[in-house]
Amino acid sequence: MSETLTTDERVKEMSGLRRALIRPELGGIVGAVAVFTFFLLFAFDSGMFNAQGVLNWSTVSAQFMIIAVGACLLMIAGEFDLSVGSMIGFAGMMVAIFGVVLGWPMWAAILITFAICVAFGALNGYIVVKTGLPSFIVTLATLFILRGFTIFIPQTIESKTIIGGIREAAEGDWLAALFGAKIGGPIFQWLGDAGVIGVFDRGNRAGEPVVDGIPMLIIWALVLVIGGHIVLTRTRFGNWIFAAGGDAQAARYAGVPVDAVKIKMFMFTAFCATVFAVCQVMEFGSAGADRGLLKEFEAIIAVVIGGALLTGGYGSVIGAALGALIFGVVQQGLFFANVESSLFRVFLGVILLLAVILNTYIRRLITGER
């Protein structure tokens, strides 16, 4: 008696090259290698890779990473949030209103700001899943609503759209320190004394290292990237995110709470935007109504560069982080390489186009389309 053996598509052997080509991080890895190679060749002696230069582009990259993590998980779940930039401006202004204008303790101002912004995220998600409207339209409306509030509220209360005094109001506050402090100061002082990194040689900061610590912004970026990667790749909820974006109806039949997953991802995206905003106002010491402009598009571009498909169901937090790293390195690297800074936007357009082409090719490899 003979038995016919069939090979299940799920256990079909795949070459190592094909496995590498369908990894979502591939575009981000290739892009990061290309960008670093370029600036090592053309800007190595410019100061871009000394301690202060590394801190500059690391800080900018960390800003992109924070919002890219939220955008990445939401896009994998099959949705978009165009209100991220306005959320950043709104959240920063709320911290200033509560903490400076109303005189609340800064920890209370930060917590109530997080609560309000996450509630807006939940509202976005609820409207999307209950009405079936495209998230593009819903969050575009929220973009205008939040930006309007960000301008109207300070104008009504203070007759201005920029509010300062945040740094003074946050001095000694335990929660504000988690967003505005620096860590590792003694280590950098030791490195300066040992001659490993540069120190100031004149003025009232003579002898102090030019880099006196790692900003909490960078720590938040690393925590969110690592945490997001673990959730996405090591937990059942991560599988639900992929399922919700891949085939929502099939996921529902399999028992996945698709609506709840999508709402939570909108809330998480708002949370990431608020983290960015609080770190920003603590750094600048002020809040402005124009903060966060176009950040929603920059976050989406970083995620696409990192390998996420615009159709949902596929992507990587590590890839999104690499996309954000490319952003930060290029934005600062053009200055160090004495290249016209306006070309940064040209670069974004080119790399976005290349990323979409690569991602389309990857999707065809996965699905077998021609």
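The values are calculated or read from the model by the stated rules, or taken from the named source; none is laboratory data. Note that the structure is a prediction, hence the values are computed from the model and not measured. Here the Cβ positions follow ideal geometry from the backbone for every residue, glycine too, while neighbour counts run over all protein chains shown. Note: accessible area is taken over every heavy atom of the protein model, side chains too, but ligands, DNA and RNA are not part of it. Shrake-Rupley method; radii C 1.70, N 1.55, O 1.52, S 1.80 Å.
With the structure loaded, tell me whether T150 is of a type in the set (S, T, Y), surrounded by 16 or more Cβ atoms within 10 Å (Cβ to Cβ), modelled with pLDDT under 95 and farther than 21 Å from L310 by Cβ or whether it fails that test. For T150, the condition - of a type in the set (S, T, Y), surrounded by 16 or more Cβ atoms within 10 Å (Cβ to Cβ), modelled with pLDDT under 95 and farther than 21 Å from L310 by Cβ - is not met.
Exactly one residue out of T233, T274 is in a helix (DSSP H, G or I), β-branched (V, I, T) and surrounded by fewer than 21 Cβ atoms within 10 Å (Cβ to Cβ): that is T233.
Within the stretch 36-45, is even one residue open to solvent by less than 70 Å² (accessible area, probe 1.4 Å), at pLDDT 85 or above, within 14 Å of I318 (Cα to Cα) and out of contact with any Pro (no Cβ under 7 Å at 6 or more places or on another chain)? No, there is no match, as no residue in the stretch 36-45 is open to solvent by less than 70 Å² (accessible area, probe 1.4 Å), at pLDDT 85 or above, within 14 Å of I318 (Cα to Cα) and out of contact with any Pro (no Cβ under 7 Å at 6 or more places or on another chain). If you go through the stretch 123-144 and keep only what is polar (S, T, N, Q) and either at positive phi or surrounded by fewer than 16 Cβ atoms within 10 Å (Cβ to Cβ) (or both), you end up with just T131.
Here's the yes/no breakdown for (1) in a loop (DSSP other than H, G, I, E, B); (2) over 21 Å from G313 (Cα atoms); (3) touching a helix residue (DSSP H, G or I) at 6+ places or on another chain (Cβ under 6 Å):
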| position | (1), (2), (3) |
| --- | --- |
| N56 | no, yes, yes |
| V60 | no, yes, yes |
| L73 | no, no, yes |
| F98 | no, yes, yes |
| W104 | yes, yes, yes |
| W107 | no, yes, no |
| F114 | no, yes, yes |
| G125 | no, no, yes |
| V128 | no, no, yes |
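Of the residues making up the stretch 169-196, those that are closer than 16 Å to V54 by Cα and surrounded by 15 or more Cβ atoms within 10 Å (Cβ to Cβ) are K182, F188, L191, G192.
Within the stretch 157-173, being assigned to a helix (DSSP H, G or I) and either under 17 Å from D290 (Cβ atoms) or within 25 Å of the chain's Cα centre (by Cα) (or both) holds for E158, I166, R167. Can you tell me how many residues within the stretch 66-115 are touching a residue at least 24 places away in the same chain (Cβ under 8 Å), open to solvent by 30 Å² or more (accessible area, probe 1.4 Å) and hydrophobic (A, V, I, L, M, F, W, C)? Residues in the stretch 66-115 being touching a residue at least 24 places away in the same chain (Cβ under 8 Å), open to solvent by 30 Å² or more (accessible area, probe 1.4 Å) and hydrophobic (A, V, I, L, M, F, W, C): 5 in total.
Evaluation of M265 against the conditions (1) open to solvent by less than 20 Å² (accessible area, probe 1.4 Å); (2) free of Cβ contacts under 8 Å to residues at least 60 places away in the same chain; (3) not small (G, A, S) shows that the sole unmet condition is (2).
Selection of first residues in the stretch 327-339 that are without any contact (Cβ under 8 Å) to a residue 40 or more places away in the chain and of second residues that are open to solvent by 10 Å² or more (accessible area, probe 1.4 Å) and of a type in the set (G, A, S), restricted to Cβ pairs under 7 Å at least 6 apart or on distinct chains, gives the following pairs, ordered by first then second residue: L334/S341; F335/S341.
Do you know which residues across the stretch 303-325 are at pLDDT below 90 and not aromatic (F, W, Y)? Residues satisfying the conditions are V304, I305, G306, G307, A308, L309, L310, T311, G312, G313, G315.
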